[in-house]
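Here, each number is a calculation from the coordinates, and none is a lab measurement. Nothing here was measured: the structure is a model prediction, and the numbers come from that model. Cβ placement follows ideal geometry from the backbone for every residue including glycine, while neighbour counts extend to all protein chains displayed.
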Amino acid sequence: MKLLLSFLFTVSILGLKAQELNCTVTIVTDANLEVSTNDKDIIDQLKQTVYEFMNNTQWTKDKFKIEERINCNIQIQIQSIPSTGNFVGSMQVQSTRPALNSSYNTTVFNFQDDNVQFGFQRNAILNYAPNQFRDNLTSILAFYAYFIIGMDYDTFSLKGGTPYFNEAQNIVANAQSAAGTGWKSNESGGKRNRYWLVDNILQQLFEPLRECTYEYHRKGVDKMYSNLDEARKNIYAAMTKLNRVASTRPNSVNLLNFVQAKSLELKNLYEDAEIKEKQDLVNLMSRIDPANASKYEQILN
């Protein structure tokens, strides 16, 4: 019996190595929202179910060691409960990846989805099946799982995330007839939903952004601890590629997500840089994201 248990434990540990995500999950409710005891119990179960779904689903055919899993966070903000087990709110999704030969983690993806509507009943099971729409929550989570993986792969090889972005786009296509929002091109609120997030990144016009993503991380972040001066020069060169996107698709969700996710990192990275280097970067960031020009001025301080 001990041998059998030892074998089963070993198999389970090996099985975990195949999973891609190391995802933390939090669920919060608006301060003024009255939540019944029944709904509190459902929310507690929802948190555990989402955690297991994200971390225990095998999303790709690649093999990941435990330490290679992609660190990510999902926070679901519940703003209203129209009826028991039905929730409306938003979702903050973030992923990071480590810099080479260091304990430093750089933000790769950080997005707030304000179009989150789903049903979840007690003892519900989330099970993703390619080319099928089962329910809104499963599709939203699967979409972000593939988008996170795609973004991570894009940081290690040029356009390496394409297969996973294609899968995310397939999820969008299958959810077009769903009752929930966030899946269609013509929804109110502008082009800041899941449809545009993945549609943009697969368009040729956004290839400079994907080139920037790769070069920023492989030639910049991964060199920060071996040659900081070279890393800064490579990061600036990578960022200049965003000018082409800004000129054709100004204020696009993917472009703004990238520069805003990197703003604090760039401030810290350029803290000891020459003033000209700082000014060149601030000018570049301000052209790409003029609405937040004052925020980028902090890099000069």
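Say R0 is 22 Å: what FRET efficiency, to the nearest 0.05, do residue 176 and residue 90 get from their beta-carbon distance?
The computed FRET efficiency comes out at 0.55.
Once you have a ≥ b ≥ c as the square roots of the Cα gyration tensor eigenvalues for segment 203-301, tell me rounded if a/c is under 1.5, and otherwise prolate or oblate according to whether a/b is larger than b/c.
Oblate.
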So, how do all the Cα-to-Cα distances of segment 167-220 break down into 10 Å bins, in percent, from 0 on up? 24, 41, 25, 10, 1
Nearest 0.05, what FRET efficiency do residue 272 and residue 52 give at R0 = 45 Å with Cβ-Cβ as r? 0.55
Gain in span if fully extended, residue 237 to residue 291, counting 0.36 nm per residue against the direct Cα distance: 17.2 nm
Using just the helices of the chain, give the 222 nm mean residue ellipticity in deg cm²/dmol: DSSP H runs with n ≥ 4 each add -39,500 (n - 2.57), and the total is spread over all residues, rounded to 500. -15000 deg cm²/dmol
Given charges of +1 on the Cβ of Lys and Arg and -1 on the Cβ of Asp and Glu, with all other atoms neutral, how large is the dipole of the chain about its Cα centre, in debye to the nearest 20? 520
So which chymotrypsin sites (Phe, Trp or Tyr not before Pro) in segment 203-301 pass both tests, a DSSP loop state and at most 15 other Cβ atoms within 10 Å of the Cβ? 225
Roughly how many debye, to the nearest 20, is the charge dipole of segment 203-301 about its Cα centre, given +1 on each Lys and Arg Cβ, -1 on each Asp and Glu Cβ, and no other charges? 300
With +1 on the Cβ of every Lys and Arg and -1 on the Cβ of every Asp and Glu, the dipole magnitude of segment 154-206 about its Cα centre, in debye rounded to the nearest 20, is 120
Once the dipole of segment 203-301 is set up from charges on Cβ (+1 Lys and Arg, -1 Asp and Glu), the residue from the list 206, 266, 234 lying farthest towards its positive end is 206
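Take every Cα pair under 8 Å in the chain that's 6+ residues apart, average their separations, divide by the length, and report that relative contact order as a whole percent.
Relative contact order, the chain: 13 percent.
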Where the Cα atoms of the chain are projected onto their three principal axes, how long is each span, largest first, in whole Å? 62, 54, 36
Lysine pairs in segment 176-243 8 or more apart or on different chains: how many have alpha carbons under 20 angstrom apart? 5
Length gained when the stretch residue 31-residue 79 is fully extended (0.36 nm per residue, less Cα-Cα span): 16.4 nm
